[in-house]
Amino acid sequence: MKRLIVAMIAVAVLAGACTQGNKSKDMKSAHNNASLTSQAEKGGNVLARVGDDVIYEKDIDMLLSHIPKQYRDKYSTPRAKMEIVSNLVDVKLLAWEAKQEGLDKKPDFKLRMKYFEDQMLAKELENKVSEGIKVSDADIRDYYNKHKERFATGPRVKVKEILVKTKLEAERILKRIKKGEDFAALAKKYSKDPSAKRGGDIGWITRTSTKNLSPFEKVAFSLKKGAVSGAIKTSMGYQIIKVEDKQPPKIRTLEEVRDPIKRMIQMEKEGKAISDLKAEISKKVRVEINRNYFKPEGKDLHKKSK
């Protein structure tokens, strides 16, 4: 549990800038001080001290605001917050000792911190761009009208089935069905499929394509409502199908797909805006990549030069 809490807080600090833009000032403050103490908003209840470092109630609330809601609710109780603070104190104690030993001066540590800083700043900028992008109702309607075929659902059939091992068994059951015996009762008694306990009911099947249909599907979609098939040979044995109901293909309404369309447009606009921004920045900052190094002959030359 303790490791989970610490891991979630680490993820919150790392990912918070891109998921919770309205907290960017707090995140910058936390990062710039290389600790979880908010220097930008001192005050409020002091929950713990480790040397000169202070953990405020606002710090915990800020961190919790950056983790998924299901965890946020779980760890927002006084008892859970106490456990979080206890873990943060443990981390700060170890961090304090690491500094005393000069581990923060190691070149590899400085490199990782620099990379971490670059990631955070990049996410802050991406978040700033995303905040300025809006998806209007007109955008959503236009996309829907131009791509209606994407929101079409194929025809559906509601079926029951009986699965047996041999053709002889299937033919015997078919004779009893034709004489008027109840399909569901026979399925419960003879079917080897897990659906037997439900009277053979396997629910609705939607046809998503006219290609690569299984023998079962081909028969199911060809039968009329209320009809019963013959013995169908499949890899599992022999099946008998009864079509309980049928529905024609339909196109989902705009209201049914509004939210997915909005998310899709938002992502597309964000991607384009960030791509355009990188292209614009590249005009102001010189970028050089030694592509020869990544070629096989380039690597050989690099090795020889050592």
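The values are calculated or read from the model by the stated rules, or taken from the named source; none is laboratory data. Since the structure is predicted, the reported quantities are computational estimates derived from the model, not experimental observations. Using ideal geometry, Cβ is built from the backbone for each residue, glycine included, and neighbour counts are taken over all protein chains shown.
Some notes on this structure:
- Cβ-Cβ contacts under 9 Å between residues 6 or more apart (or on different chains), taken from a first residue in the range 156-171 that is assigned by TED's automatic domain parsing to the domain that holds Gly230 and closer than 13 Å to Ile232 by Cβ to a second residue that is part of a strand (DSSP E or B) and of a type in the set (Asp, Glu), are listed as Val159/Asp201; Val159/Glu244; Val159/Asp245; Glu161/Asp201.
- Matching residues, the range 106-131, being loosely packed, with under 10 Cβ neighbours inside 10 Å and either among the acidic types (Asp, Glu) or outside any helix (DSSP H, G or I) (or both): Asp108
- Meets criteria (of a type in the set (Asp, Glu), free of Cβ contacts under 8 Å to residues at least 40 places away in the same chain and either surrounded by 11 or more Cβ atoms within 10 Å (Cβ to Cβ) or farther than 30 Å from Lys189 by Cβ (or both)) for Glu255: yes
- One residue stands out among those in the range 132-154 that are assigned to a helix (DSSP H, G or I) and of a type in the set (A, V, I, L, M, F, W, C): the one that is modelled with the lowest pLDDT, which is Phe151.
- Only listed residue being modelled with pLDDT under 90 and within 30 Å of Met267 (Cβ to Cβ), chosen from Asp118, Asp73: Asp73
A quick yes/no check of all residues on (1) without any contact (Cβ under 8 Å) to a residue 60 or more places away in the chain; (2) over 30 Å from Pro248 (Cβ atoms):
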{"site": "Glu131", "(1), (2)": "no, yes"}
{"site": "His147", "(1), (2)": "yes, no"}
{"site": "Arg150", "(1), (2)": "yes, no"}
{"site": "Glu181", "(1), (2)": "yes, yes"}
{"site": "Ser195", "(1), (2)": "yes, no"}
{"site": "Leu213", "(1), (2)": "yes, no"}
{"site": "Lys218", "(1), (2)": "yes, no"}
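- When restricted to residues that are part of a helix (DSSP H, G or I) and under 30 Å from Lys99 (Cβ atoms), the range 53-70 contains 8.
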